[in-house]
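For reference, the structure is listed below as structure tokens.
Computed from the coordinates by the stated procedures, all read-outs in this text should not be read as laboratory data. Quick caveat: nothing in here was measured; it's all calculated off a predicted structure. Here Cβ is always computed from backbone atoms with ideal geometry, including for glycine, and neighbour counts include all displayed protein chains.
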Amino acid sequence: MARRATALAHPNIAFVKYWGNRDERLRLPANPSFSMNLGGLRTITTVTFQEEEGPDLLFVNGVPVEGPARERVSAFLDHVRGMAGFRGRAVVESITDIPPGVGLASSAATFAALAAAASAALDLRLSERDLSTLARLGSGSACRSVPPGFVEWVAGERHEDSYAYSVAPPEHWDLWDVIAVVSEQHKAVGSSEGHRRAATSPLHGPRVATAPERVARCREAVLRRDFEALAEIVETDAIWMHAVMMTSRPPLFYWEPATLIVLQAACRWREEGLPVAFTLDAGPNVHLLCPAEAVEEVARRAQRVPGVLRVLRSGPGGGARILPPE
Ligand code: DP6
């Protein structure tokens with residue numbers, strides 16, 4: 001039997017963020033979160049398991065990857081091997097159009113595609129929920145890239161009940177994310193370390209305590225396609241998360257000067273009547289959410305803001321899926 005499978009997954013942008021873990025090893029999050037998959041960006045991963053044991057091999061866009069990134073992939077594959085009772089090594093070949101390390105949730109697509117491909121290669125036949133639960137062990141936000149469209153991550157108390165599910169399919173709402181890229185440098189402090197620092201901030205407790213209510217309101221806003229209601233929740237939660245980051249010990253500053261310029265511009269545009277809402281992940285780039293009818297105008301304006309290097313855009317995307325063999 002060829003122990004080989006290929007899977008595709010999209011990154012996601014969180015409307016209510018995952019920041020901080022209650023259990024770091026299992027990536028059990030401090031709070032529930034909510035996101036939309038980004039259909040315009042993707043990672044395609046092929047996993048081939050071999051009979052012989054030994055170090056796994058990882059290639060990203062054809063380039064061999066060593067060090068911590070490969071170790072993280074191997075540690076994740078150990079979970080999959082454990083579930084299947086298989087010990088052979090894996091060759092992982094990943095092709096992606098997501099720039100790494102700039103707060104575009106690249107680890108989400110990476111581990112969602114890896115979980116889907118590796119579990120299919122070993123014929124595990126997981127349900128969507130179990131696949132989401134598995135992907136979470138690789139990167140927390142990856143569990144939200146498994147189901148399609150608009151997705152809620154139920155925080156849960158144990159490994160088995162911390163998973164994401166689809167609240168609405170991608171066709172439900174033609175909502176767009178215009179990403180104003182202000183830096184393509186690899187960030188100095190990754191999210192895994194950031195999660196560790198969250199609890200040192202005095203703003204973390206109140207953020208976590210109020211997150212379930214924001215997730216519930218976010219779910220309602222998405223189901224009603226109520227952009228104004230969504231905008232308020234998304235911006236409040238993003239600013240709060242960055243306030244937690246900035247008040248952690250040691251503090252974490254992900255913003256560049258150009259980040260603030262884009263945020264202020266977005267507030268002005270909304271006052272002028274353009275439907276747009278901002279959010280940011282663990283990086284300096286600004287995600288400008290808007291309904292489809294505003295996407296051209298938002299992208300045009302974002303491109304002209306001083307300090308914006310380029311603009312990416314994406315509508316809603318599907319879930320992680322297995323691709324037919326070539
Ligand atoms: C700011 O899922 O990247 O993007 O589990 O350590 O891989 P790890 O963290 P990760 O954290 C995502 C943080 C965020 C917010 C979000 O996507 O919810």
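The table that follows gives values for the structure above.
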| read-out | value |
| --- | --- |
| Helix 128-138 vs. the chain, principal-axis angle (Cα, 0 to 90°, nearest 10) | 90 |
| Sequence ranges 246-252, 111-117, 60-66, ranked by mean other-Cβ count within 10 angstrom, highest first | 111-117, 246-252, 60-66 |
| Orientation-averaged projected area, Cα convex hull of the chain (nm²) | 15.7 |
| Estimated FRET transfer efficiency (Thr210, Arg268; beta-carbon r; R0 22 Å; 0.05) | 0.20 |
| Between 0 and 90°, nearest 10: helix 204-224 axis offset from the chain longest Cα axis | 90 |
| For Leu323, net neighbour charge (Lys/Arg +1, Asp/Glu -1) across residues whose Cβ lies under 14 Å away | +1 |
| Peptides 130-140, 229-239 ordered by average Cβ neighbours within 10 Å, highest first | 130-140, 229-239 |
